[in-house]
Amino acid sequence: MKSLLYILVIVSSLSFTKLHGQTYLHATVGQQNTYSGGCPVATCSGNYYDDGGAGSNYSNNVNNIYQIFCPNSAGTCLRLTFNAFDLESYSAFWGWGEYLTIGNGPAQNSTLFTTAPANGSGIITGTPTVPFSYTANNSSGCLTVRFRSDGSTRRPGWSASISCVPCAVRQADGNSDCTAPTQICSNGSFAGSSPGPGSNAADGCTGCVTGETYSNWYIFSPQTSGSLSLAISPNVGTDDLDFALYGPGASCGSLGSPIRCSYAAGTGATGMGNGAVDNSEDVNGNSWVAPVNVVAGQIYFLMINNWTAGGAGYNVSFAGSTASLDCTPLSVELTSFSGVSYETYNTLSWKAEASGNVDYYTLERSTDAENWDFVSEQSNSKLTDFKVSYSVNDEQFIPGEVNYYRLSRTNFNKETTHIRTISLLNKNEPVRILKIVNMLGQEVDPNYEGMRIIMYSNGTSLKKVGK
């Protein structure tokens, strides 16, 4: 359940600030009566300071305000390296002093790191030896930092650098970003869950919502106009779910304010209906807002967010709606498939136009283009009017060999089509002859005198006649 601020401070602007050169200052005031310092920050570079910045001391009476940092690229996890750290020492017995905690995840109550210099309770205080680092190792790749100061001594605070590292534990973003939503094509109920807020972590930071934690994005265009009701029920009854509905005519680059929004601190089900008449509610709401009249042919975006650490799944129902969400899934067109080889991993990326009757993509690897090993499965975004980008890091590639990558798509009828194959070689490896084949594709001796194709380890080939 969301914790409410016990001290309400009125300010005219957000305390969390981004300065030029990607410099981030920690917030001093929670938004909407919560401890949230503002929208999650998606970045893999920059400097992070207490609110005093590089040259001033931090403020007094910062009441456990937290800020979420997430990586902005798939396959990576965020790392904070503290190069300076100077807080008044904290005394739990007397209740005075300052401390910082770092949560391994994108939620207020994410599990705290307890490795030095943090103590067994996750508290970092005083003047520990620098530098020291904490690196996310959760499905989102995010870290959550909380700061508490008392009303007396003010000290220089901290300076930290932000970076990202390859991270096999981080799961694919899937539909956790607005630019890769799942298309809703039925009034039937469906299940959902999310590994984190995605690579565009601040997408849903508008209206009553102070930011995403474990979020999913959906898009729909009603077949018939009418009233739309919505019920979102958590799989774990104590989870705190939030949502925002944008439209009509919304797009990821221009969502505008949500037409329905709930950021209530309650647990259990939330949604539109249940006798509610309000259109939006903050942390003090009862989890329900009024149904909405939707227009046939218009585009709407629905963001569902599990605020609770761990982000367990949920079930969505449109029972009581008079509007029909039935539609025909759109076709899909692959516009690019490419790869880049780095020292310790290969990155494979592809883009698709408006998608539809494709359930998921499968990426496989081979060293002979005949026997294939599974690399990754990516759920299709079912996007309507945007190009969708996917990216996967393969840390299990075979060094010194040509690594072939085959991309396939599987539709909802479970029919699989191989759509494109590319090859990569570690850029530090010398190019060599992989094999020589005749025109039937049969491997032959280097001295073969007929027409032959020489295949090189960098993926190129040369056709030759005779010797």
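The values are calculated or read from the model by the stated rules, or taken from the named source; none is laboratory data. Here the structure is a predicted model, which means the values were calculated and not measured. Neighbour counts run over all protein chains shown; Cβ positions are idealised from the backbone, glycine included. Only protein heavy atoms, including side chains, enter the accessible area calculation; ligands, DNA and RNA are left aside. Shrake-Rupley method; radii C 1.70, N 1.55, O 1.52, S 1.80 Å.
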Meets criteria (open to solvent by 40 Å² or more (accessible area, probe 1.4 Å), of a type outside the set (S, T, Y) and under 21 Å from T43 (Cα atoms)) for A168: yes
Condition met for N293 (in a strand (DSSP E or B) and surrounded by fewer than 15 Cβ atoms within 10 Å (Cβ to Cβ)): yes
Residues satisfying the stated conditions in the stretch 40-56, i.e. open to solvent by 40 Å² or more (accessible area, probe 1.4 Å) and either within 24 Å of Y214 (Cα to Cα) or in contact with a Pro (Cβ under 6 Å, 6 or more places away or on another chain) (or both): S45
Test: residue in the stretch 109-116 that is assigned to a strand (DSSP E or B), more than 30 Å from V340 (Cβ to Cβ) and in contact (Cβ under 8 Å) with a residue 60 or more places away in the chain: no
Which listed residue, of S215, S163, S176, is within 21 Å of S110 (Cα to Cα), of a type in the set (G, A, S), open to solvent by less than 10 Å² (accessible area, probe 1.4 Å) and in a strand (DSSP E or B): S215
Test: I232 is in contact with a strand residue (DSSP E or B) (Cβ under 7 Å, 6 or more places away or on another chain), within 29 Å of A172 (Cα to Cα) and either at pLDDT below 95 or open to solvent by 10 Å² or more (accessible area, probe 1.4 Å) (or both): no
Residue among A191, A180 that is among the hydrophobic types (A, V, I, L, M, F, W, C) and under 12 Å from the mean Cα position of the chain (by Cα): A180
Extreme residue, surrounded by the most Cβ atoms within 10 Å (Cβ to Cβ), among residues of the stretch 117-134 that are hydroxyl-bearing (S, T, Y) and part of a loop (DSSP other than H, G, I, E, B): T125
Single residue of the stretch 329-351 satisfying the filter (farther than 25 Å from C167 by Cα and not charged (D, E, K, R)) that is modelled with the highest pLDDT: T335
Breaking point among (1) open to solvent by 20 Å² or more (accessible area, probe 1.4 Å); (2) in contact (Cβ under 8 Å) with a residue 24 or more places away in the chain, for T101: (1)
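Yes/no matrix, rows are residues, columns are (1) open to solvent by less than 30 Å² (accessible area, probe 1.4 Å); (2) acidic (D, E):
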residue	(1), (2)
A74	yes, no
Y90	no, no
F147	yes, no
D150	yes, yes
P156	no, no
